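Report on the structure given below.
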Amino acid sequence: METVILVVVIAVVVLAALGGLVVGSRRKKPLPPPPPAAPDITAPPAEPHVGDEAETPRDEPRRTIEEVDLPGGGAPTAVEEPPAVEAPAIEIPEPTAGRLVRLRARLSRSQNALGKGLLTLLSREHLDEDTWEEIEDTLLTADVGVQPTQELVERLRERVRVLGTRTPEELRGLLREELLQLIGTDADRTVRTEPEDRKPGIVMVVGVNGTGKTTTTGKLARVLVADGRTVVLGAADTFRAAAADQLQTWGERVGAYTVRGPEAGDPASVAFDAVKEGKEMGVDVVLIDTAGRLHTKTGLMDELGKVKRVVEKHAPLDEVLLVLDATTGQNGLVQARVFAEVVDITGIVLTKLDGTAKGGIVVAVQRELGVPVKLIGLGEGADDLAPFEPEAFVDALIGE
């Protein structure tokens, strides 16, 4: 019994000792640090409310924009103003007289193959049937046409038979007379731009694509300005890209005003406005450039007839000029035929007569249409357009 009591006492002592160790260890642990004091927060100045007076601004140091480092580090660059567009200088076209002298010389150099060929054949001692056939071939190659060629050969045969002995001077004179009769010297070749009872004169220029129609219109404006006339251009070719720009450039070079419309717009409307503008400005002549229509397109040809009818609501047309390429030969006659059915052609302009022996087209086209060739173009220069003179043309063909 005593033993049991002793064991219990020992156990109680041990437990008490262990409890004291635990309490002592807890007391030795450091206390957690106190919470930090709340920071002093300065409230931002309140924005003035509606109706309140704003705070008086405080004086603070300020820096100019030159002192501030901008992103990129570069100083601001000044924006340059676009250069002003200068108006094109007005050119003074070459007078008609000087132009004719130069064109005669050029025609003489480039067109005398026909005349020299005929003179060489006619100068043979014996003119047999083979020679006369060669003469016919020469004329046909030059696009004189079948019927005019037959007439000319028959007259030459008769006159040579009567003349007998032939000197070069006699042959040249004989050939000159016959060619002049074939071309005709009594036709009125004046471009009608001065109606007696009104102003302006109205000229419409027609033709197939590629004949130089717009360029011819611009060159004709130069001819008129050189003669002291005032001109308005109507850009009624609204189907070809940049046609209006091209015509306007021609006009600006000589001080002529150009009336134009939107691309692919109504050409008749542009033509109508051009004549109206010409009347209001009091100019002498209105030149209307039409689209270069293919003669096989019936609808386009009808449109050309509409342009003519609309223009004539202002006043009748004084001149309708058909532009033909001299190098197209007999195809040019087909074109001329179709255009003559749509509008009343009053005159012909032959372009690209330089560098070709096709001068006989002058005879053929006049026969076909019954209207005279009034203007010819012999080059790409701005002043390479001149009135057609039969005597000068024939002299250039056969050589003076």
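The values are calculated or read from the model by the stated rules, or taken from the named source; none is laboratory data. Bear in mind that the values here come from a model prediction, so they are computed numbers and not experimental data. Note that each Cβ is placed from the backbone with ideal geometry, even for glycine, and that neighbours are counted across all protein chains shown. Note: areas computed on protein heavy atoms with side chains; ligands, DNA, RNA excluded. Shrake-Rupley method; radii C 1.70, N 1.55, O 1.52, S 1.80 Å.
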When Gly218 is run through (1) at pLDDT below 90; (2) crowded, with 16+ Cβ neighbours inside 10 Å, the failure sits at (1)
Could you tell me how many of the residues in region 143-183 are among the charged types (D, E, K, R), within 24 Å of Asn331 (Cα to Cα) and open to solvent by 30 Å² or more (accessible area, probe 1.4 Å)? 1
Out of the residues in region 299-327 that are open to solvent by 50 Å² or more (accessible area, probe 1.4 Å) and within 25 Å of the chain's Cα centre (by Cα), state the one that is nearest to Gly347 (Cα to Cα). Thr327
I'd like to verify a number: residues in region 194-215 that are under 17 Å from Met281 (Cβ atoms) and either crowded, with 24+ Cβ neighbours inside 10 Å or over 25 Å from the mean Cα position of the chain (by Cα) (or both), how many? 7
Those residues of region 231-245 that are crowded, with 18+ Cβ neighbours inside 10 Å and free of Cβ contacts under 8 Å to residues at least 60 places away in the same chain come to a total of 9
Go through (1) surrounded by fewer than 16 Cβ atoms within 10 Å (Cβ to Cβ); (2) farther than 29 Å from Gly145 by Cα and name the single condition Gln330 misses. (2)
Region 246-270 - residue that is touching a residue at least 40 places away in the same chain (Cβ under 8 Å) and open to solvent by less than 20 Å² (accessible area, probe 1.4 Å) and, of those, nearest to the chain's Cα centre (by Cα): Leu247
Look at Val146 and say whether it is out of contact with any helix residue (DSSP H, G or I) (no Cβ under 9 Å at 6 or more places or on another chain), without any contact (Cβ under 8 Å) to a residue 12 or more places away in the chain and among the hydrophobic types (A, V, I, L, M, F, W, C). no
Evaluate the following for Asp273: is it open to solvent by 10 Å² or more (accessible area, probe 1.4 Å), among the acidic types (Asp, Glu), in a loop (DSSP other than H, G, I, E, B) and touching a residue at least 24 places away in the same chain (Cβ under 8 Å)? no
